[in-house]
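Report on one structure; see the data block that follows.
The values are calculated or read from the model by the stated rules, or taken from the named source; none is laboratory data. On a predicted model such as this, the values are computed, not experimentally measured, just so you know. Here the Cβ is made from the backbone with ideal geometry for all residues, glycine too, and neighbour counts use every protein chain on show. Side chains are part of the model used for accessible areas, which takes the heavy atoms of the whole protein and leaves out ligands, DNA and RNA. Shrake-Rupley method; radii C 1.70, N 1.55, O 1.52, S 1.80 Å.
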Amino acid sequence: SRYPIVRRGGLWMFGAVAAFGVCTIVFGLSKIAWISAIALLIGGGVFFAIKKYVNTEEIQARVVAAVKEKTGRDIAFTRMRIMPFVTPMPVLMVKLENVTFQNASWAAEKSMAELGSLEIRLALKPLLDKHIEITKFTLDKPIIRLEVAADGRKNWEFEPAKKEGAEKPASNPGTSTS
């Protein structure tokens, strides 16, 4: 984004999605053409403002870092889209395309998961309190590889990323695929 929102981004996003939702409802329910046209114009303006001011590159970097911190593994994707949706309550859709998730270092395959896309819809109000509430979770074209090592380790059990200078455990080269 060229002019990212720096302060109170969540509040701005909530207000923008709420305004978009109100405009969508007015457009859908109005029987007066000029009111519908104004709602359409304002809703479109809000939508493009969201696209312009939301810094998806920064969000993408934060997602990659958070996944690495919590799982100790890398995630990669080619594109991130963020769009507002109005269901009974306003939600924010985050869609990642061409997703790959790194496998355990001892596993036979390089990636544990490959997805055509991953779509998550988040309730907006909890985001203001820095909580995440997922209202919809969709995987498109998933390939998920589950493996168990000879010593019983499972590739779906994650270890947080090690801090620099911390000891790394020895890996066991013997694995079996189940």
The listed residue being farther than 26 Å from residue 133 by Cβ, modelled with pLDDT of 75 or more and open to solvent by less than 70 Å² (accessible area, probe 1.4 Å), out of 34, 106
106
So, first residue within 15 Å of residue 96 (Cα to Cα) in segment 61-83, second residue of a type outside the set (Lys, Arg) and assigned to a loop (DSSP other than H, G, I, E, B), Cβ within less than 8 Å, six or more apart or across chains; the pairs are 64/74; 67/74; 82/54
Residue set 133, 119, 114; condition open to solvent by 50 Å² or more (accessible area, probe 1.4 Å), under 27 Å from residue 44 (Cα atoms) and at pLDDT 80 or above; output residue 133
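Determine, yes or no, whether residue 93 is under 20 Å from residue 16 (Cβ atoms) and either open to solvent by less than 70 Å² (accessible area, probe 1.4 Å) or among the hydroxyl-bearing types (Ser, Thr, Tyr) (or both).
Numbers: under 20 Å from residue 16 (Cβ atoms): yes; either open to solvent by less than 70 Å² (accessible area, probe 1.4 Å) or among the hydroxyl-bearing types (Ser, Thr, Tyr) (or both): yes.
Considered against the rule, which asks whether it is under 20 Å from residue 16 (Cβ atoms) and either open to solvent by less than 70 Å² (accessible area, probe 1.4 Å) or among the hydroxyl-bearing types (Ser, Thr, Tyr) (or both), residue 93 comes out as yes.
Is it true that residue 154 is under 17 Å from residue 71 (Cα atoms) and at pLDDT 90 or above?
Numbers: under 17 Å from residue 71 (Cα atoms): yes; at pLDDT 90 or above: yes.
Criteria met by residue 154.
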